[in-house]
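Colleague: Have a look at the structure that comes next, please.
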Amino acid sequence: MRLSQLFTKTSKNIPSDETARSARLLIQAGYIHKEMAGAYAYLPLGLAVIDNIKTIIRKEMDELGASELLMTTMQSKDLWQKTDRWDDQKVDIWFKTELKNGTTVGLAWSHEEPIVAMMKDYLSSYRDLPVAVYQFQNKLRNELRAKSGILRGREFLMKDLYAFSTSAEELQDFYDRVSDAYMRIFAAVGLGNDTYLTYASGGAFTQFSHEFQTVTEIGEDTIYLSKARRLAVNKEVYKDDVLAQLGLNKEDLEEMKAAEVGNIFNFGSTKSEQLGVTFTDQSGHEKPVYLSSYGIGISRLMGVIAEHFADDKGLVWPTAVAPAQVHLIRLGEASQVVKQADKLYSSLTAAHVSVLYDDRDERAGKKFADADLIGIPNRVLVSDKTVNDVSYEWKSRTSDESELMSEEQLLKTLAIKD
């Protein structure tokens, strides 16, 4: 990716109503574009981050044995009425629209009902179970106030997984496996040390659901955290009886602000009973299917990562999610400098190292400031000095110290950093 060919530019212009630091930096650095309150376009650099997060998640979902699909955004009113979740008094975040033939449809805020109804066509016997499916899809939620940039939007990208089981025991086994997979995902994107399994309200279906909360001052949730146990309790269920049930003491808990980056939920057999989805067990008896659902807000996760690691110069991306591994900066237009920089760009690309190449005819200060703002983890400089030394100047985004390296040393260093 050459910066000279990228249509986006870094900018000092930020929408006046944008207050979240992560959103301001992402807009300034050219990762996202604000369409309106709660709705953002993901520009090439931003899409690269999203794709990297999706790759990490997809690996874990596939290892769980789940199959990827893509459901529709338009949803049936009749279907949601069967589960009593169409009424705006019950679910107050619906976007609804009327088709030209007069039919009213909803725009997806979740997919439990459509997934369960679809599976009715594919599940009939215990031999068909267990089964799990997942998707990456934009969700639409008619939030009263869209705020905090991509941390809470009206349109956002989510990974949602739905698992169908023959029994409560089989469901619980998969539930625990997904919980472990989620912690690996949050560790892979750099948030493992600050993300905690959190007990939250289970609503009408079960006593608890589980959230994954990342400790951050910009979080909208309040949690009570046991670092020793690596678990937390959401303020909504912070009661003496709950703490006693979990074996927690108030004096051992810290009150913290946190952002929810994932959740897992046990619906039991309720949805299947409402929608008539059953299977025949080994004894020939008809039984309802057990459902559990698992979500990660991908665009929100991107915002939390941006917020969590940013410094006073700009964004700081962990290598696993950065839009490129190397920010290659060429200083000057001298033929030998251009030749050396182009050669390194080709070598890195051939070695499957992703590169953002600043080949623009810009002053050094502008290029360095842009590199700090964009936040790619490794910076390599090509200049008159490096040409004369037959070397390359490498530094990390978070260090002021640089080293001169040969191409071979540089490739080894990048392999270690990867």
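Throughout, read-outs are computed from the coordinates displayed, never taken from laboratory work. The structure presented is a predicted model; accordingly, all values stated were derived computationally and were not measured. Don't worry about glycine lacking a Cβ; one is built from the backbone with ideal geometry, like all the others, and counts go over all protein chains shown.
Colleague: Can you tell me how much longer the chain between residue 287 and residue 144 gets when fully stretched, taken as 0.36 nm per residue apart minus their C-alpha distance, in nm with one decimal?
Modeller: That works out to 47.5 nm of additional length.
Colleague: Which length gain, in nm to one decimal place, applies between residue 35 and residue 11 when the Cα-Cα distance is subtracted from 0.36 nm times their residue separation?
Modeller: Full extension of this stretch gives 7.0 nm more.
Colleague: For the chain, modelled as a GNM with alpha-carbon contacts under 10 angstrom, which of 331, 191, 246 fluctuates the most?
Modeller: Result for the chain, Cα springs under 10 Å: 246 fluctuates most.
Colleague: Still on this structure, please answer the following. Given 0.36 nm per residue, what is the gain on full extension from residue 401 to residue 68 after removing their alpha carbon distance, in nm?
Modeller: Here the answer is 115.5 nm.
Colleague: Moving on. If the limit is 20 Å between Cα atoms, which of 34/147; 227/313; 90/147 go over it?
Modeller: In this structure, 227/313; 90/147 exceed 20 Å between Cα atoms.
Colleague: Over what distance in Å are the Cα centres of segment 209-239 and segment 290-342 separated?
Modeller: 28 Å
Colleague: What residues qualify as long-range amide H neighbours of residue 209, i.e. H under 5 Å apart, gap of 5 or more or another chain, H built at 1.01 Å from N?
Modeller: Close amide H contacts, sequence-distant or interchain: 200, 201, 202.
Colleague: Among 218, 329, rank each residue by its count of other Cβ atoms within 10 Å, from fewest to most, as a rough exposure measure.
Modeller: 218, 329
Colleague: If you don't mind, another one. State the three equivalent ellipsoid semi-axes of segment 3-309, derived from the C-alpha gyration tensor as the square roots of 5 times its eigenvalues, in descending order and whole Å.
Modeller: Rounded to whole Å, the semi-axes are 32, 26, 19.
Colleague: Next question, about the same structure. Run the reach check for residue 12 against aspartates and glutamates, Cα to Cα strictly under 13 Å, same-chain hits fewer than 8 apart removed. What comes back?
Modeller: 370
Colleague: Given a Förster distance of 60 Å, report the FRET efficiency between residue 92 and residue 347 from their Cβ-Cβ distance, rounded to the nearest 0.05.
Modeller: Result of the calculation: an efficiency of 0.60.
Colleague: Starting from the amide H of residue 39, placed 1.01 Å from N in the peptide plane, find each other amide H under 5 Å away whose residue is 5 or more places distant or on another chain.
Modeller: 154
Colleague: Something else now. Can you work out ³J(HN,Hα) from phi for every residue in segment 226-236, in order, using Karplus 6.51 cos²θ - 1.76 cosθ + 1.60 and θ = phi - 60°, giving whole Hz and x for Gly and Pro?
Modeller: 10, 5, 5, 8, 6, 8, 9, 10, 5, 3, 5
Colleague: Distance in nm between label sites at residue 169 and residue 335, each 7 Å beyond Cα in the beta-carbon direction?
Modeller: Taking the two extended label points, one gets 7.9 nm.
Colleague: If you line up the long axis of helix 407-417 against the longest principal axis of the chain, both from Cα atoms, how many degrees apart are they, to the nearest 10?
Modeller: Approximately 30 degrees, to the nearest ten.
Colleague: Measuring from a point 7 Å past the Cα of residue 105 along Cα-to-C-beta, which residues in segment 69-92 have an amide N at less than 11 Å?
Modeller: Residues passing the 11 Å test: 72-77.
Colleague: Here's a follow-up. Could you derive backbone 3J(HN,Hα) for segment 341-353 from the dihedral phi with the Karplus parameters 6.51, -1.76 and 1.60 (θ = phi - 60°), listing whole Hz in sequence and x where the residue is Gly or Pro?
Modeller: Residue by residue, segment 341-353 yields 5, 4, 4, 5, 4, 5, 5, 5, 4, 5, 8, 6, 9 Hz.
Colleague: Taking each pair of different alpha-carbon atoms in segment 287-418 once, compute 1/r for the pair, average those values, and report the inverse of that mean as the Kirkwood hydrodynamic radius in Å to one decimal.
Modeller: The Cα-based Kirkwood calculation yields 16.1 Å.
Colleague: Further question: I need the phi-derived Karplus couplings for segment 361-375: 6.51 cos²θ - 1.76 cosθ + 1.60, θ = phi - 60°, integer Hz, Gly and Pro marked x.
Modeller: 8, 10, 6, 4, x, 5, 5, 5, 5, 5, 5, 4, 5, 5, x
Colleague: Using Cβ contacts closer than 10 Å as the measure, can you line up 157, 47, 107 from fewest to most?
Modeller: Ascending Cβ contact count within 10 Å gives the list 47, 107, 157.
Colleague: Now, a different point. Amide H neighbours of residue 147 under 5 Å, at least 5 residues apart or on other chains, H built in the peptide plane: list them.
Modeller: Those qualifying (amide H under 5 Å, at least 5 residues apart or on another chain) are 152.
Colleague: Give me the percent relative contact order of the chain, please, defined on Cα pairs under 8 angstrom at least 6 residues apart.
Modeller: This gives 16 percent for the chain.
Colleague: Still on this structure, I have one more. Write out the trypsin sites (Lys or Arg not before Pro) in segment 344-384 meeting two conditions: DSSP loop, and at most 12 other Cβ atoms within 10 Å of their Cβ.
Modeller: Counting only loop positions with at most 12 other Cβ atoms within 10 Å, the trypsin sites (Lys or Arg not before Pro) in segment 344-384 are 363.
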